[in-house]
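Take a look at the structure set out below.
The values are calculated or read from the model by the stated rules, or taken from the named source; none is laboratory data. All of these numbers come straight from a predicted model, not from anything done at the bench. Backbone-built Cβ (ideal geometry, glycine too); neighbour counts: all protein chains shown.
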Amino acid sequence: MLFGRRHPEKFGSKLRTLLWPRRSFSRSFRYLQKRVLRLNATPHAIAAGFAAGVFSSFTPFIGFHFLLAFALAYLVAGNMASAALGTAVGNPVTFPFIWGATYELGQFFLTSRTIDGTAPSGIGRALTHMDLASIWTPIVKPMLVGGIPLGTAAGLLAYGLVFAAARSFQKHRTRRILEGRPPARSLRGAEKAASADDAEYQRKTRFRDGEGSAQRSVTAAGHMPASD
């Protein structure tokens, strides 16, 4: 395959890269930040799309975060690419904290049980058999109920931060572009000056050509033989 790896990457290496980036988390965060801010969209579209992706990451519907983010971004006039990037908030590092927080908050809302960090009983057997009906009430439902307020809060926070950053970035980029080019008025003045210089040059050229022609005529007349 063109531009493919000479030696295929092993599963262990892929898993390690997924859990711990090769070039540190700070560099990965800066890369994500630049990808979001450089999108060709309005600050609202960028921020709304990213907030939609953040909100979807707090739902328990693993595997459907992209679809949910796209649907929410469409409803709030957000950018689809920004929504896809926003789902990166949910990753193997943050998911344990998100799932724990949403489950505990959902249990508190549904049963008024004190948050104690106790895992639900039978979760291992239910996940092993992939029985959705058996895990809906004890696991998925509390995570969904708790994920809505937490996802909304995280989405609003992400919207405010991304909107301010995108607006500042676009203003800075516009200012740099304008500083690198002369104003339109100066361009028009330079064009007028160039046209005037060109007209003056052509006038002088015609004048010199006229003087040369007259001088050649006088010289030719002086060398003509006198008639009898």
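Here are the numbers for this structure:
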| quantity | calculated |
| --- | --- |
| Qualifying residue in the stretch 10-30 (condition: under 25 Å from residue 159 (Cα atoms), out of contact with any Asp or Glu (no Cβ under 6 Å at 6 or more places or on another chain), at pLDDT 70 or above and assigned to a helix (DSSP H, G or I)) | yes |
| Enumeration of residues in the stretch 91-111 that are surrounded by fewer than 22 Cβ atoms within 10 Å (Cβ to Cβ) and not hydrophobic (A, V, I, L, M, F, W, C) | 91, 92, 94, 96, 100, 104, 111 |
| Counted residues, the stretch 70-85 - those being under 10 Å from residue 48 (Cα atoms) and not in a loop (DSSP other than H, G, I, E, B) | 7 |
| Members of the stretch 55-90 found to be without any contact (Cβ under 8 Å) to a residue 24 or more places away in the chain and either within 21 Å of residue 34 (Cα to Cα) or within 18 Å of the chain's Cα centre (by Cα) (or both), listed by number | 66, 69, 70, 72, 74 |
